[in-house]
1. Would you be able to tell me the number of residues in the range 121-147 that are touching a residue at least 12 places away in the same chain (Cβ under 8 Å) and not in a helix (DSSP H, G or I)?
2. List the pairs whose first member sits in the range 43-58 and is over 24 Å from residue 120 (Cα atoms), whose second member is surrounded by 11 or more Cβ atoms within 10 Å (Cβ to Cβ) and modelled with pLDDT under 75, and whose Cβ atoms are under 9 Å apart, counting only residues at least 6 apart or on separate chains?
3. State the number of residues belonging to the range 146-174 that are modelled with pLDDT under 90 and surrounded by 14 or more Cβ atoms within 10 Å (Cβ to Cβ).
4. Of all residues in the range 78-99, which are touching a helix residue (DSSP H, G or I) at 6+ places or on another chain (Cβ under 8 Å) and either touching a residue at least 60 places away in the same chain (Cβ under 8 Å) or exposed (fewer than 12 other Cβ atoms within 10 Å of the Cβ) (or both)?
5. Which numbered condition trips up residue 143, out of (1) at pLDDT 95 or above; (2) more than 20 Å from the chain's Cα centre (by Cα); (3) within 23 Å of residue 77 (Cα to Cα)?
6. Can you spot a residue in the range 101-119 that is over 30 Å from residue 174 (Cβ atoms), more than 20 Å from the chain's Cα centre (by Cα) and surrounded by 12 or more Cβ atoms within 10 Å (Cβ to Cβ)?
7. In the range 37-53, which residue that is outside any helix (DSSP H, G or I) and surrounded by 11 or more Cβ atoms within 10 Å (Cβ to Cβ) is modelled with the highest pLDDT?
């Protein structure tokens, strides 16, 4: 008997002596299979209630957070498309080096595709934008380490909090997008 199983057995003995009933985990419920209804933990019960409270999207409906994400993604794509065009046409220097137009254009194309997908409320686009928001949150949080002015700190905090709020709001919208349509009762 391993140490984990031994500790678990000791814990069960103590609970039996004190009269506290042990809540069975889903693994022990499956193994027990006594025929009765399995008891759910509080967190599982809350998850089930939250899932039941979600309403699937109607045809053509788009949550507000997804619309905001599509607008942000489209605006960023436009700025990066303009930057790529300037990098290709002019001989501009950015901090002593020439910007490359091809990587800028590829990133702008991805953002454009993401904006289109979010405008159509597609799961893959919202998930991709959330991944991009996580990268923005990580880089802005790490950027707070090297700020030198108050204005830089304020701008970085605004970027961090804005991307965090948008990410948080998109979680529920993502759950509604992936939700299958419920069968109508007639």
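The values are calculated or read from the model by the stated rules, or taken from the named source; none is laboratory data. Remember, it's a predicted structure, so these values are computed and weren't measured experimentally. Counting neighbours? That spans all protein chains shown, and the Cβs are built from the backbone with ideal geometry, glycine included.
1. We begin by selecting, within the range 121-147, every residue touching a residue at least 12 places away in the same chain (Cβ under 8 Å); these are 121-123, 125-130, 132-134, 136-137, 140-141, 143-144.
Retained after the next criterion (residues that are not in a helix (DSSP H, G or I)): 121-122.
The qualifying residues number 2.
2. Qualifying pairs under 9 Å: 44/26.
3. If we filter the range 146-174 for residues that are modelled with pLDDT under 90, which is where we start, we get 171-174.
From what's left, surrounded by 14 or more Cβ atoms within 10 Å (Cβ to Cβ): 173-174.
Counting residues in the range 146-174 that are modelled with pLDDT under 90 and surrounded by 14 or more Cβ atoms within 10 Å (Cβ to Cβ) gives 2.
4. Those that are touching a helix residue (DSSP H, G or I) at 6+ places or on another chain (Cβ under 8 Å) and either touching a residue at least 60 places away in the same chain (Cβ under 8 Å) or exposed (fewer than 12 other Cβ atoms within 10 Å of the Cβ) (or both): 92, 98.
5. (1)
6. Step one: list which residues in the range 101-119 are over 30 Å from residue 174 (Cβ atoms), which gives 101-102.
Those still in the list that are more than 20 Å from the chain's Cα centre (by Cα) too: 101-102.
Within this subset, residues satisfying the condition of being surrounded by 12 or more Cβ atoms within 10 Å (Cβ to Cβ) are 101.
Yes, the range 101-119 has at least one match.
7. Taking the range 37-53 first, the residues outside any helix (DSSP H, G or I) are 37-41.
Okay, now just the ones that are also surrounded by 11 or more Cβ atoms within 10 Å (Cβ to Cβ), so 38-41.
Details: 38: 70, 39: 79, 40: 78, 41: 84.
Here the residue is 41.
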